[in-house]
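Q: Take a look at the following structure, please.
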Amino acid sequence: LRDEGVGKLPSRPMSGGTMQKKGESIKHDSALSPRKIPIIDTEGNTDASKRARNFTKLSALLQRAKKNWFLIGVVLSILLAHAAPWIGKKGGPLKPTITVQFAVALIFFTTGMSLRMRQLQDTLLQWQLHVTVQVFSLLLTPLIVCSISNGLRKIAQLLLETSSADYKSAIALLEGMKVLSCMPPPVSSAVILTKAVGANEAAAVFNSTLGSFLGILITPMWLLQITGTAAEVPILEMTTNLGLQIVLPIFIGQMVRRCLKNPDQLIQRFSISKVSSGILLLIIYTVFCETFSGSFEIEIEFLLACIFLLVMCMILLILLAYTLATLAFPKLTRADLVAIMYCASHKSLTLGMPLLKIIFGGNPDISVAVISIPLLIYHPLQIVIGSMMVNPLQRWLVSESPTNKNLNSIMNSPSSKINFAL
């Protein structure tokens, strides 16, 4: 182009806006130096991308831990009870005989605050639900578990020598399973778990209360038939304690609710439902403190076998309760069925231990420590297994009415549920 006179090519611009003249050497320009090529792994991710991914994973892990705080709390409570059982055992600095009773009363106070009067009125008319829970818990469960225990006893007679210590330990645990089956429904765990799912909480409260009162009368009669041991049970004293721990707190909670302008908004704002879950952790801790501080000794093989049998029994009872309820009363809703599964399969440690001490305390042939092992194991097991059922039951409940805003709000609100990763 220069030879033809069309024009000269522009000189190469230098840094700072100057032009390179002919014959001048090009000075080093950092802007023109080759850039550092980022290291890329085989998947095409840069170092910055890796850091971002790690941060995202950490955030997701923390969010998951926050959602599953109750399950983490259960594990920590058990570990703490194993490390220092003297803190929460009877006579310890935590004073469980006082604090646990106050904790149970506080649970039912918060329940009374959250229950609407309309719910309580409607619950009283659900006689199908109440009959299913009480008949299954206080009549069918002892028959089922006693039949299983008698069958296992015959197997033990074939496999073990009747004079050996192993046979005696096995028989004691089987007798403990029979005693466990006679216990009434609990006064706290079934209510809390039903509430966590978002099911028929009022029905759980009613049946837990009714079952506890009926258990004071029916459980001693069952124990008389099973073990041949009789004792005078202070019915008036135990009924008074139940009234103070259950009925009175619910009544006070209802009175407080009537005095508030927006009780539901207040409950959601201060996460009242989390209070019940936190109190349940305290109960779990004290239960395991009493378990780990026990003076009894038992072979680890029989203890593991007892845990396995109790887990299988609980799963069986849940399935049977659900099947019986759906076959006998097909019109029951899923919210009702959730309350039935929890209330019919759970057993009360709060009432069970005093009854065992009253009935078997003066019998030299029966060790309360050994015979109470199934009850001590079953209590935390029903909480852990019941808690693991919360998320699946929530999804099952929402699938029945996917357009129900209340159910969806329960699923999406971390303050009104207990989440567990399966």
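The values are calculated or read from the model by the stated rules, or taken from the named source; none is laboratory data. Not measured: the values here are computed from a predicted model. Counting neighbours? That spans all protein chains shown, and the Cβs are built from the backbone with ideal geometry, glycine included. For the accessible areas, the whole protein counts, side chains as well, though only heavy atoms, and no ligand, DNA or RNA atoms are used. Shrake-Rupley method; radii C 1.70, N 1.55, O 1.52, S 1.80 Å.
Q: Would region 168-178 turn up any residue that is open to solvent by 20 Å² or more (accessible area, probe 1.4 Å) and among the small types (Gly, Ala, Ser)?
A: Scanning region 168-178 turns up at least one residue that is open to solvent by 20 Å² or more (accessible area, probe 1.4 Å) and among the small types (Gly, Ala, Ser).
Q: Follow-up question, since we're still on this one. Quick one: would you say Ser169 is modelled with pLDDT under 90 and under 27 Å from the mean Cα position of the chain (by Cα)?
A: no
Q: Among (1) in contact with a Lys or Arg (Cβ under 8 Å, 6 or more places away or on another chain); (2) surrounded by fewer than 18 Cβ atoms within 10 Å (Cβ to Cβ); (3) in contact (Cβ under 8 Å) with a residue 60 or more places away in the chain, where does Thr97 come up short?
A: Tallying (1) in contact with a Lys or Arg (Cβ under 8 Å, 6 or more places away or on another chain); (2) surrounded by fewer than 18 Cβ atoms within 10 Å (Cβ to Cβ); (3) in contact (Cβ under 8 Å) with a residue 60 or more places away in the chain, Thr97 fails exactly one: (3).
Q: A further question on this structure: Suppose the filter is open to solvent by 10 Å² or more (accessible area, probe 1.4 Å), of a type in the set (Gly, Ala, Ser) and either at pLDDT 75 or above or in contact with a Lys or Arg (Cβ under 6 Å, 6 or more places away or on another chain) (or both); does Ala321 pass it?
A: Working: open to solvent by 10 Å² or more (accessible area, probe 1.4 Å): no; of a type in the set (Gly, Ala, Ser): yes; either at pLDDT 75 or above or in contact with a Lys or Arg (Cβ under 6 Å, 6 or more places away or on another chain) (or both): yes.
Criteria not met by Ala321.
Q: Can you go through Leu349, Leu407, Leu355, Leu376 and tell me which one is at pLDDT 65 or above, out of contact with any Pro (no Cβ under 9 Å at 6 or more places or on another chain) and surrounded by 14 or more Cβ atoms within 10 Å (Cβ to Cβ)?
A: Leu376
Q: Can you name the residue in region 117-149 that is free of Cβ contacts under 8 Å to residues at least 12 places away in the same chain and of a type outside the set (A, V, I, L, M, F, W, C) and, of all such residues, is most open to solvent (accessible area, probe 1.4 Å)?
A: In this case the residue turns out to be Arg118.
Q: Further question: Can you find, within region 76-88, the residue that is farthest from Ile283 (Cα to Cα) among those that are open to solvent by 40 Å² or more (accessible area, probe 1.4 Å) and modelled with pLDDT of 80 or more? Before the answer, list the steps.
A: From region 76-88, those open to solvent by 40 Å² or more (accessible area, probe 1.4 Å) are 76, 78-80, 82-83, 86-87; that's our starting set.
Narrowing the set further to residues that are modelled with pLDDT of 80 or more leaves 76, 79-80, 82-83, 86-87.
Working: Leu76: 13, Leu79: 14, Leu80: 13, His82: 14, Ala83: 17, Trp86: 15, Ile87: 13 Å.
If we take residues in region 76-88 being open to solvent by 40 Å² or more (accessible area, probe 1.4 Å) and modelled with pLDDT of 80 or more, then Ala83 is farthest from Ile283 (Cα to Cα).
Q: Scan Gly243, Gly211, Gly215, Gly253 and give me the residue that is at pLDDT 75 or above and over 24 Å from the mean Cα position of the chain (by Cα).
A: Step by step, each of Gly243, Gly211, Gly215, Gly253 is checked, and only Gly243 is at pLDDT 75 or above and over 24 Å from the mean Cα position of the chain (by Cα).
Q: Restricting attention to region 259-275, does a residue exist that is hydrophobic (A, V, I, L, M, F, W, C), modelled with pLDDT of 75 or more and open to solvent by 50 Å² or more (accessible area, probe 1.4 Å)?
A: So far as region 259-275 goes, yes, one or more of its residues are hydrophobic (A, V, I, L, M, F, W, C), modelled with pLDDT of 75 or more and open to solvent by 50 Å² or more (accessible area, probe 1.4 Å).
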